[in-house]
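The values are calculated or read from the model by the stated rules, or taken from the named source; none is laboratory data. All values reported here derive from a predicted model rather than from experimental measurement. So basically every Cβ, Gly included, is an ideal-geometry build from the backbone, and we count neighbours across all protein chains shown. Side chains are part of the model used for accessible areas, which takes the heavy atoms of the whole protein and leaves out ligands, DNA and RNA. Shrake-Rupley method; radii C 1.70, N 1.55, O 1.52, S 1.80 Å.
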Amino acid sequence: MQTVAVVDYGMGNLHSVAKALEQVGGGSARVRVSAEPAVIGNADRVVVPGQGAARDCMQALQKRRLIGAVKDALATRPFLGICMGLQLLLETSDENGGVDLLGFYAGRVRGFSDSLSAGHNLKIPHMGWNNVRQERVHPLFADIDDGARFYFVHSYFVVPEEAGLGVASAEYGMRFCCALASENVFACQFHPEKSAADGLRLLRNFLSWDGAC
Amino acid sequence: MGLAKRVIPCLDVDGGRVVKGVRFIDIRDAGDPVEIARRYDKEGADELTFLDITASSEQRDTMVHVVEQVAAEVFIPLTVGGGIRKVEDVRRMLNAGADKVSINTAAVFTPDIVAEAAGKVGSQCIVVAIDAKRVPGAQRWEIYTHGGREATGVDALEWAVKMAELGAGEILLTSMDRDGTKRGFDVALTRAVADAVPVPVIASGGVGSLQHLCEGVTAGGADAVLAASIFHFGEYTIAEAKQCMASQGIEVRQ
């Protein structure tokens, strides 16, 4: 039986992510919510969820000595980042006056409030169900319609230096990148664990993904 | 294409059971939160709100179990309100699987729980519920506590702005004049608050028809509409609500 580690660094709702993975795994995947580098290191697949402020998330990862385990997973196994688990992969975030991130991808994380044109009347956070445009084919989008709605809740978004890394985008006052993918890594701004049938489909695809694009 | 306006059924829970008679003919147990949540998810609800109306504090733990059970089976956003007094209560609900916790006006009078909670768990998890009542003969509203029985003298608009500044990620706005009347939202109130705060606003109180839901969005400017009885009693399905909204040009998830 394959094992899936959900990295627990004390930030956000891990319960839902774990339950959703269990549901789609249907007994074929052992899901472990863990803060142990050894458990994460031994898992076949790794999921990094997360909510909250960028600085708190980075500090929590450091404090729990999980950065090594996360970087190792990024380099070696099927990896799914969700929400903060996407943003952490960039180099820096504008949140909290500037925060250094993991730097796995070149680029930064910007805020909607600084990016939307003056006079916009959009609410921040960007909260609710938005259409996700698939910019290219990816195994995790198998059987999911292009433009299907997923649930978002965030005030910051990723701007990768290499635009080709973007695998999906959404529109909120402007078009922004809402998922990045390369080799064995897929990371999305939206919450598949809260996106009903299409979200569960994406998670199911993740569990059967061989880690190739 | 773009962000959809949300339709949110609201369920009252007492001692772990859904009350106020949800009447789905094809449901086995009308009081089972999990079964009802599953049903609404299937109908296309965008979120679910559970309001704990349990009177005794000893039974508060029951709500945690309800949240755990629902979150383990229904994969759409879940908001829990009622009886949230401390940051610890917020954390407990989030750990159980809630995505957002609604703090009501009464709790807000204890110092800075909104700021403290938002600082600890993030604004996106904190909903502030405001019960507002129109000041007779004036185009202004006052906030009320204790289910609309006690006036506070505090202006609802100013309060909403202050809550957003303190870190509320969303405002759940209920008109006490309209709640339970089926006469529709207080659209002027909804519009005034939606225009005043930078965070999303959920309109609540008074829905009696599908047209009312549409008005909350079009005239009221709400980002989401919440209703209880019209869905519970099988008068309308969520899907019908969305069809009606879509036919009036409102972006919905269908």
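Structure data summary
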{"quantity": "Qualifying position, being within 13 Å of the chain's Cα centre (by Cα), within 23 Å of residue A:70 (Cα to Cα), assigned to a strand (DSSP E or B) and more than 14 Å from chain B (Cβ to nearest Cβ), among A:140, A:180", "calculated": "A:180"}
{"quantity": "Hits in the stretch A:24-57 (condition: buried (at least 17 other Cβ atoms within 10 Å of the Cβ) and within 13 Å of chain B (Cβ to nearest Cβ))", "calculated": "A:24, A:31, A:33, A:49, A:50, A:51, A:52, A:53, A:54, A:56, A:57"}
{"quantity": "Any hit, the stretch B:205-213, residues being touching a Cys at 6+ places or on another chain (Cβ under 6 Å) and within 21 Å of residue B:9 (Cβ to Cβ)", "calculated": "yes"}
{"quantity": "Qualifying residue in the stretch A:156-163 (condition: within 22 Å of residue B:252 (Cα to Cα) and open to solvent by less than 10 Å² (accessible area, probe 1.4 Å))", "calculated": "no"}
{"quantity": "Checking residue A:14 against (1) at pLDDT below 95; (2) more than 14 Å from every other protein chain (Cβ to nearest Cβ), the condition it does not meet", "calculated": "(2)"}
{"quantity": "Condition check for residue A:110: more than 14 Å from chain B (Cβ to nearest Cβ), of a type in the set (Lys, Arg) and over 20 Å from residue B:122 (Cβ atoms)", "calculated": "no"}
{"quantity": "So residue B:78, is it open to solvent by 40 Å² or more (accessible area, probe 1.4 Å), at pLDDT 90 or above and either of a type in the set (Gly, Ala, Ser) or within 17 Å of residue B:227 (Cα to Cα) (or both)", "calculated": "no"}
{"quantity": "All helices (runs of 4 or more DSSP H) inside the stretch B:44-113 with 1 or more residues being in contact with a Gly (Cβ under 8 Å, 6 or more places away or on another chain)", "calculated": "B:60-73, B:87-96"}
{"quantity": "Check on residue A:70, at negative phi, free of Cβ contacts under 8 Å to residues at least 24 places away in the same chain and more than 14 Å from chain B (Cβ to nearest Cβ)", "calculated": "no"}
{"quantity": "Single condition residue B:135 does not satisfy, out of (1) of a type in the set (A, V, I, L, M); (2) over 15 Å from the mean Cα position of the chain (by Cα); (3) closer than 15 Å to residue B:168 by Cβ; (4) at pLDDT 90 or above", "calculated": "(3)"}
